[in-house]
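*Asks:* Let me begin by handing over the structure; questions about it come next.
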Amino acid sequence: MAHQPPVLYYFVSVDYPGAAFSEAFDFNDYTEVGAFNYSPDTMGSNDSGFIFKNGRFSAVNYPGALATDITAINASGEIVGYYTDSSNTAHAFQDVGGTFTNIDYPSFGNGAAFGINDAGDIVGLTGMRAAICTVFSSGSSYTSFDYPGATNTEAAGINNLGEIVGEWIDSKGNNHGFTLIGGVFNSLDYPTSTSTTAIGSNDSGEVGGLYEDASMVDHGFVYANGFFGDIDVPGGAGTEVIRIKNNGRLLGAFFDQLKEIHGFSAVR
């Protein structure tokens, strides 16, 4: 796998007002979604989700939850993510028109939803396995799967063709990205990286994610047509690409020099 010539991107910060930590997870042409926290010391333990629409931010929290992260939105405005209950257990959820529904994989009682496509197929994690959930008006259909030989598999994104991307961990604890297309798995590793995670893909099969270099610095990447391209926010100390949309727009997060986290949106 080779590197492709640099592509020029224009970056815009996406920061919830007053927050010390913001991540931009997804966008559907009208609305950006993500998560924020006012204190970097409690990041992850009491996050709130956010919606950014018509130039205004709104905080979103699953009812009664200690923490809420919104991870994806589709063209219909259906939102998915995960929340933490009073026992510090994570659960997957779906929000349709302001109505929240727990969508944990049956019998596990915990998990997280990370991606949704326009057909309403949802991918995420349950226990140590990746999972797919399709929610119907009359119920839900669930499937779990593992990357062959993995100790842990996490599905992070799904496009409108049903192609899934994510991360798998080998027996030595090393992280690798993967694609699952037509029932066929492929491992995805950025050359010379110590760790690779694939997080989002668009309908052209372009994949976005992050890799860690030998100095333990995170860099974003776009993988397209067999080539990797680096994505680093100018002046940042680490970058993560979370979504790549059909028009090539990127959503993600970056560290500044003070190690605070900011969301970003980028177009080419």
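Here, each number is a calculation from the coordinates, and none is a lab measurement. Because the structure is predicted, anything quoted here is derived from the model rather than measured. A quick note on method: Cβ atoms are made from the backbone with ideal geometry, for glycine too, and the neighbour counts reach across all protein chains shown.
*Asks:* Roughly how many debye, to the nearest 20, is the charge dipole of the chain about its Cα centre, given +1 on each Lys and Arg Cβ, -1 on each Asp and Glu Cβ, and no other charges? The partial results should precede the final answer.
*Replies:* Numbers: 9 positive and 30 negative charges, 58 e Å.
In total the dipole reaches around 280 debye.
*Asks:* Follow-up question, since we're still on this one. Using the Cα gyration tensor of segment 112-207, with a ≥ b ≥ c the square roots of its eigenvalues, what is the shape: rounded (a/c below 1.5), prolate (a/b larger than b/c) or oblate (neither)? Don't jump to the answer; show the numbers that get you there.
*Replies:* Numbers: a/c = 2.38, a/b = 1.49, b/c = 1.60.
Oblate is the answer for segment 112-207, as a/c is 1.5 or above yet b/c matches or exceeds a/b.
*Asks:* Still on this structure, please answer the following. With an 8 Å Cα cut-off and a minimum separation of 6 or more residues, compute the relative contact order for the chain in percent. All intermediate terms of the calculation are to be shown ahead of the outcome.
*Replies:* Details: 772 pairs, mean separation 41.4, N = 268.
Rounded, it is 15 percent for the chain.
*Asks:* Continuing with the same structure: So if we plug the beta-carbon distance of Tyr38 and Val184 into 1/(1 + (r/R0)^6) with R0 = 45 Å, what FRET efficiency do we get, rounded to 0.05? Could the numbers behind the result be given before it?
*Replies:* On the way: r = 44 Å, r/R0 = 0.98.
The computed FRET efficiency comes out at 0.55.
*Asks:* With a 10 Å Cβ neighbour count serving as the proxy for reagent exposure, in which order, fewest first, do Tyr105, Tyr16, Tyr142 appear?
*Replies:* Details: Tyr105 21, Tyr16 24, Tyr142 17.
If I rank by nearby Cβ atoms, fewest first, I get Tyr142, Tyr105, Tyr16.
*Asks:* Do you know the relative contact order of segment 200-251, to the nearest whole percent, from alpha carbon pairs under 8 angstrom that are 6+ apart?
*Replies:* On the way: 98 pairs, mean separation 18.4, N = 52.
Once divided by the residue count of segment 200-251, the mean separation gives 35 percent.
*Asks:* Let me ask another. What is the log10 of I(q)/I(0) for segment 2-267, computed with the Debye formula using one identical point scatterer on each Cα and no solvent, at q = 0.10, 0.12 Å⁻¹?
*Replies:* -0.45, -0.66
*Asks:* Further question on the same structure: Using a 10 angstrom cutoff on alpha carbons, build the Gaussian network for the chain and name the most mobile of Glu23, Glu167, Glu212.
*Replies:* In the Gaussian network model the winner is Glu212.
*Asks:* Next question. Would you mind checking which residues have amide H under 5 Å from Asp47's amide H? H placed 1.01 Å from N; only 5 or more apart, or other chain.
*Replies:* Result for Asp47 returns Thr68.
*Asks:* Fewest Cβ neighbours within 10 Å first, please rank Lys245, Lys259, Lys53 accordingly.
*Replies:* Details: Lys245 19, Lys259 9, Lys53 13.
So the residues, fewest neighbours to most, are Lys259, Lys53, Lys245.
*Asks:* Here's a follow-up. Considering only Ala65, Asn152, Gly235, whose Cα is most displaced toward the positive end of the charge dipole of the chain, charges sitting on Cβ of Lys, Arg (+1) and Asp, Glu (-1)?
*Replies:* Working it through, the farthest residue towards the positive pole turns out to be Ala65.
*Asks:* Sticking with this one: Arrange the following residues from fewest to most other Cβ atoms within 10 Å of their Cβ: Val233, Val217, Val207.
*Replies:* Numbers: Val233 22, Val217 14, Val207 25.
Ordered from fewest to most neighbouring Cβ atoms within 10 Å, Val233, Val217, Val207 come out as Val217, Val233, Val207.
*Asks:* Can I ask one more? Anyone know which of Val241, Val165, Val184 comes out most mobile in the 10 Å Cα GNM of the chain?
*Replies:* Greatest mean-square fluctuation among the candidates belongs to Val184.
*Asks:* Connecting C-alpha atoms closer than 10 Å in a GNM of the chain, tell me which of Arg249, Arg56, Arg129 has the biggest fluctuation.
*Replies:* Arg56
*Asks:* Shape of segment 164-268 from its Cα gyration tensor (a ≥ b ≥ c, root eigenvalues): rounded if a/c is under 1.5, otherwise prolate when a/b > b/c, or oblate? Working shown, then result.
*Replies:* On the way: a/c = 2.10, a/b = 1.20, b/c = 1.76.
Oblate.
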